[in-house]
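J.: Structure below; questions to follow.
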Amino acid sequence: MNIIQRNFFRLIRCGEFNKQEQIEPMSVSKWNKVYQLALMHQVIPSVYAGIRQCQEQFFLHLSEKQIQEWEKANLEARQKEQQEEENDLLRADHLTNPILNKKLQAILDDEQSDIATRQLLLIIIHVARHILNEGMPVYQLVELGKCLSAERHHVDFQTLNQWLKTLGFTPMAQLEGALLIQMFGFSKEEVPFLVGEPDKRMERVAQELTEFTNTRAEEFYFSQDSESVFLHTSNSSAILGHIRRSAHYFRYLPSETLTNFFASFAHSLSHIEE
């Protein structure tokens, strides 16, 4: 990771998970890039909370204009969160693989299982879908970490692991657990659905996702015209990137990865202007 990414994740760890981190010195332009990452990944409140927690540190220097921008963006993000919370308890979700989707709906319709376990399953699925379609799932991982921190003692992990096995999500869930440990400083004991030690290959995948995050941030910041929107059908390199991601993560979620790619491709075709 470069210094921008390191400070970005440090601030999230401080703001959301009460970790003690030392911020490295950065220039004004690098702090602007941290802001871009936070805005792009919809984690402004998390990073801003980290800034507030670390504000007395010697190397955390922000201009008055930057502080005002953070405060304004944080207020707007909090207001948006409040508007979305009403329908966020058990969001309707689906998988693109019809067989797996039928199994998922049966799980969600089972009123005998507890809500906390079903909610954690849905978040794990959200993280996986984001990895397949977008890349580094920072916001989704923060939500997963927050759910584990708040509800870990209320979740039936034996049932959860059985659901993950039924849906073929166990390898992907292991990747997500490794990401929580590597990016947000979780311990293995804090991720009960993680079986055994994190695979070294998963650490490499985490690094690749982080590098992709940095590349996407540059596109997000410098590409403002309608013809260069990231993952638009007119962007051939983005389509190739989607193909590479689908191939790369196929071993973690084979059944859903294949159908997800074709579903995404069909969705893109529907947006082509004739």
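J.: Name the residues in segment 165-192 that are more than 30 Å from Ile4 (Cα to Cα) and surrounded by 22 or more Cβ atoms within 10 Å (Cβ to Cβ), would you? Break it down into steps so the answer makes sense when it comes.
T.: Narrowing segment 165-192 to residues more than 30 Å from Ile4 (Cα to Cα): 165-170, 192.
Result: Leu167, Phe169.
J.: Here's another thing I want to ask about it. Please name all residue pairs, on different chains or six or more residues apart, with Cβ atoms under 8 Å, provided the first residue is in segment 161-179 and is farther than 18 Å from Leu148 by Cα and in contact (Cβ under 8 Å) with a residue 40 or more places away in the chain and the second residue is acidic (Asp, Glu) and crowded, with 24+ Cβ neighbours inside 10 Å.
T.: Note: pairs meeting the criteria are Gly168/Glu256.
J.: For segment 104-112, check the following and say yes or no: at least one residue is part of a loop (DSSP other than H, G, I, E, B), under 28 Å from Leu175 (Cβ atoms) and open to solvent by 70 Å² or more (accessible area, probe 1.4 Å).
T.: As a first pass, look at segment 104-112 and keep what is part of a loop (DSSP other than H, G, I, E, B): 110-112.
Those still in the list that are under 28 Å from Leu175 (Cβ atoms) too: 110.
Applying the additional criterion that residues be open to solvent by 70 Å² or more (accessible area, probe 1.4 Å) yields none.
No, segment 104-112 contains no residue that is part of a loop (DSSP other than H, G, I, E, B), under 28 Å from Leu175 (Cβ atoms) and open to solvent by 70 Å² or more (accessible area, probe 1.4 Å).
J.: Also, I was wondering about something else. Considering segment 143-160 alone, what residues qualify as being without any contact (Cβ under 8 Å) to a residue 40 or more places away in the chain, farther than 21 Å from Gln5 by Cα and either touching a Gly at 6+ places or on another chain (Cβ under 6 Å) or open to solvent by 40 Å² or more (accessible area, probe 1.4 Å) (or both)?
T.: Hits for segment 143-160 are Ala150, Glu151, His153, Gln158.
J.: Next question. Right, Gln140: part of a helix (DSSP H, G or I) and touching a residue at least 24 places away in the same chain (Cβ under 8 Å) or not?
T.: On the way: part of a helix (DSSP H, G or I): yes; touching a residue at least 24 places away in the same chain (Cβ under 8 Å): no.
Spelling it out, it is not the case that Gln140 is part of a helix (DSSP H, G or I) and touching a residue at least 24 places away in the same chain (Cβ under 8 Å).
J.: So which residues in segment 11-65 are of a type in the set (Phe, Trp, Tyr) and over 25 Å from Val127 (Cα atoms), if there are any at all?
T.: Correct list: Trp31, Phe58, Phe59.
The values are calculated or read from the model by the stated rules, or taken from the named source; none is laboratory data. Here the structure is a predicted model, which means the values were calculated and not measured. Here Cβ is always computed from backbone atoms with ideal geometry, including for glycine, and neighbour counts include all displayed protein chains. Surface accessibility is based on the protein's heavy atoms, side chains included, excluding ligands, DNA and RNA. Shrake-Rupley method; radii C 1.70, N 1.55, O 1.52, S 1.80 Å.
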